[in-house]
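*Asks:* Take a look at this one; I'll ask things after.
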Amino acid sequence: MPFFCVAVKRIRFFKIVLFSPLVRRHVRWQVGLAGQAGRHIVKHVCICLAGWQARFAESIGLLGLMSALLVTSMAGAQQDTQSLRLWVSVDGLCADLRWDSVVGPYNPHYALWVSYPYEQEVRGAVTDTTVLRYCATHRVCGDTVSFRIEAYDSCVRGVSISVGEVMRDNGPTQPPTPISAADDGVSGRIRLTWSPSPDTDIVGYCLCTGVPCQSYDTIWGVSETSYVCADHWATDQHTYRVLAFDSCGKASPWTQYFGNLPLKIYTQQCSRDVVLQWPDFKELVSNVSYYALYLSADGGAWERIDSIEARRDVTYTCTVADDIMDVAFKVGACTSDNSYCVYSNVVRYEVGVVDTAQYLRIDKAEYDIVSGEIALEMSVDDAFETDYYVLWRLDDYGEWQEIATFPYGNQRFTYSDRITLSSRSEGYSYRLSTLDRCKRVSSYSVPVVTYIPDASTKGVVFPNVITPSRIDNNRFCPIFRFLNWEFYRLSIYNRFGALVFETTDNTQCWDGKHDGVQVPQGVYVYMLRCRWMDGTLGEERGTVTVVY
């Protein structure tokens with residue numbers, strides 16, 4: 001039985017194969033088709049003619065029929081590739097692309113191909129099937145960019161010719177917005193801050209300082225909007241301007257001048273009046289309406305203490321309360337609606353600090369029976385500079401009286417206090433003091449008590465309770481009746497018999513601590529070994545209670 005077969009073997013070709021027993025050979029026709037349409041027109045067609053006695057002429061007729069079918073198929077496949085027209089117009093960084101559509105049975109899809117200078121062609125997605133227009137944005141400072149459109153559906157494909165246009169950054173670069181120039185709070189230098197430029201291709205900022213403004217530094221990065229001026233202190237007046245520049249090197253205009261608000265403090269020794277001064281900030285920011293003055297007392301929270309109308313250079317006097325030891329001040333320059341405030345540096349002043357010596361000691365206080373005098377030996381911390389030291393005396397019937405002064409310059413000095421028989425009391429106490437920079441008493445030594453000896457004057461007086469956590473009565477200090485200081489040892493034990501304190505220095509008191517840690521509340525045992533003025537050895541025992 002002769003038969004004919006029509007099949008699509010590839011996208012671009014139809015193939016016809018004829019076999020007949022009459023001809024006894026294959027007859028092949030091959031017709032080329034362009035594009036992808038062929039695969040959709042004919043997949044496989046086979047026509048078989050029935051009957052063993054068909055004539056060759058009938059076969060030839062059938063062949064003619066199939067040829068006509070192929071011609072018809074080829075005519076449809078000619079729509080497989082179409083030439084598209086592409087129009088490009090450039091507006092700054094936007095290339096406005098417009099093109100005509102392909103003629104096909106289905107909605108087309110588009111692909112945009114872009115070729116940058118000195119680079120290979122790159123495909124970019126454009127998939128809108130209804131709008132034949134697209135804005136291609138490219139950051140090119142000034143060079144030719146080429147575009148090509150491909151359109152295709154399941155049957156038809158269209159390609160445009162590449163069209164190149166010069167694209168450049170023609171738009172103006174927007175400047176940043178200054179925010180503040182203030183103390184960085186760590187090193188005392190000025191920290192500048194500004195909001196970034198709204199342009200999307202900003203790559204950095206430039207700073208200048210002074211009037212006229214001189215170039216200062218370049219900061220790279222659009223998000224780098226803070227800068228510390230390493231050689232500009234917040235206590236001095238400085239002005240700045242900043243601009244932004246983009247990837248094409250185009251610079252924005254300079255911002256208006258902005259600067260810091262330096263605050264200075266002036267005081268007089270031993271006075272609690274503090275004078276503050278700062279410059280007129282309206283010269284930099286014209287809509288500043290008032291200054292807010294803040295104070296922090298003894299490290300506490302900031303508190304606004306006054307508001308001053310913005311004017312020329314301001315001088316303000318603040319009297320610090322007597323119970324405040326340390327003060328800090330800062331000033332804010334603000335608009336009337338408080339939408340903008342620039343703060344000064346922080347200034348501090350210690351108004352109540354009393355300088356003290358590391359130690360003041362009366363090392364010896366002995367009564368001389370022959371001379372009738374009490375001999376005193378004293379030592380001081382000569383590293384603490386003062387004008388002079390004061391020696392005080394207290395007898396059994398009066399108050400502390402100043403009896404002598406000693407000039408600064410020596411570490412040790414002596415004094416003989418003559419006691420007349422008519423003015424003798426049972427005993428006398430002595431202490432040594434020094435003065436601070438304001439001529440006020442800043443520190444005292446531990447009082448030393450000595451008694452006039454007689455037949456019954458022998459021994460020492462001990463306190464029976466101490467309170468280490470309180471201001472007064474916080475040390476265990478024996479009060480001596482006339483004593484020979486050559487032999488002295490004080491020991492204190494807890495209730496388990498463990499030694500918690502021991503000294504051979506008669507001026508050293510027990511502060512209720514053991515190895516720097518306060519001992520538990522309770523009863524402790526003391527033991528004093530000493531030598532009396534008559535040469536006999538003495539030993540005193542007792543208890544002292546520690547209370548918190």
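The values are calculated or read from the model by the stated rules, or taken from the named source; none is laboratory data. Keep in mind that this is a model prediction, so the values were computed, not measured. Ideal geometry is used to build each Cβ from the backbone, glycine not excepted, and the neighbour counts take in all protein chains shown. To get the accessible areas, we keep the full protein, side chains included, count just its heavy atoms, and leave off ligands, DNA and RNA. Shrake-Rupley method; radii C 1.70, N 1.55, O 1.52, S 1.80 Å.
*Asks:* Could you name every one of the strands (runs of 3 or more DSSP E) located completely within segment 327-418 that has at least 1 residues being open to solvent by 70 Å² or more (accessible area, probe 1.4 Å)?
*Replies:* Fully inside segment 327-418 and qualifying: 341-343, 347-350, 360-368, 388-395, 401-407, 412-418.
*Asks:* With respect to Asn410, determine if the residue is at pLDDT 85 or above, out of contact with any Gly (no Cβ under 9 Å at 6 or more places or on another chain) and on the phi > 0 side of the Ramachandran plot.
*Replies:* Answer is no for this residue.
*Asks:* Further question on the same structure: Strands (runs of 3 or more DSSP E) wholly in segment 461-548 with at least 2 residues that are farther than 24 Å from Leu360 by Cα, in contact (Cβ under 8 Å) with a residue 12 or more places away in the chain and open to solvent by 40 Å² or more (accessible area, probe 1.4 Å) - which ones?
*Replies:* Correct list: 522-532, 537-546.
*Asks:* Now a separate question. State the number of residues belonging to segment 518-538 that are of a type in the set (Val, Ile, Thr) and in contact with a Pro (Cβ under 9 Å, 6 or more places away or on another chain).
*Replies:* 1
*Asks:* A further question follows. Among all residue pairs at least 6 apart or on different chains, which show Cβ distances below 7 Å where the first residue, located in segment 170-184, is of a type in the set (Ser, Thr, Tyr) and the second is at pLDDT below 90 and assigned to a strand (DSSP E or B)?
*Replies:* The qualifying pairs are Thr173/Asp246.
*Asks:* Which one is surrounded by the fewest Cβ atoms within 10 Å (Cβ to Cβ), of the residues in segment 151-170 that are modelled with pLDDT under 80 and in a loop (DSSP other than H, G, I, E, B)?
*Replies:* Checking each candidate, the answer is Asn170.
*Asks:* Would you point out the residue of segment 95-122, among those that are under 46 Å from the mean Cα position of the chain (by Cα) and surrounded by 15 or more Cβ atoms within 10 Å (Cβ to Cβ), that is nearest to Cys155 (Cα to Cα)?
*Replies:* Applying the filter and picking the extreme gives Val114.
*Asks:* Residue pairs, Cβ under 6 Å, 6 or more apart or interchain, first in segment 403-423 and within 16 Å of Arg361 (Cα to Cα) and of a type in the set (Val, Ile, Thr), second open to solvent by less than 60 Å² (accessible area, probe 1.4 Å) and modelled with pLDDT under 90. List them.
*Replies:* none
*Asks:* Name the residue that is surrounded by the most Cβ atoms within 10 Å (Cβ to Cβ), counting only residues in segment 214-264 that are part of a strand (DSSP E or B) and of a type in the set (Lys, Arg).
*Replies:* Out of the qualifying residues, it is Arg241.
*Asks:* Within segment 269-318, how many residues turn out to be in contact (Cβ under 8 Å) with a residue 12 or more places away in the chain and in a strand (DSSP E or B)?
*Replies:* Within segment 269-318, residues that are in contact (Cβ under 8 Å) with a residue 12 or more places away in the chain and in a strand (DSSP E or B) number 27.
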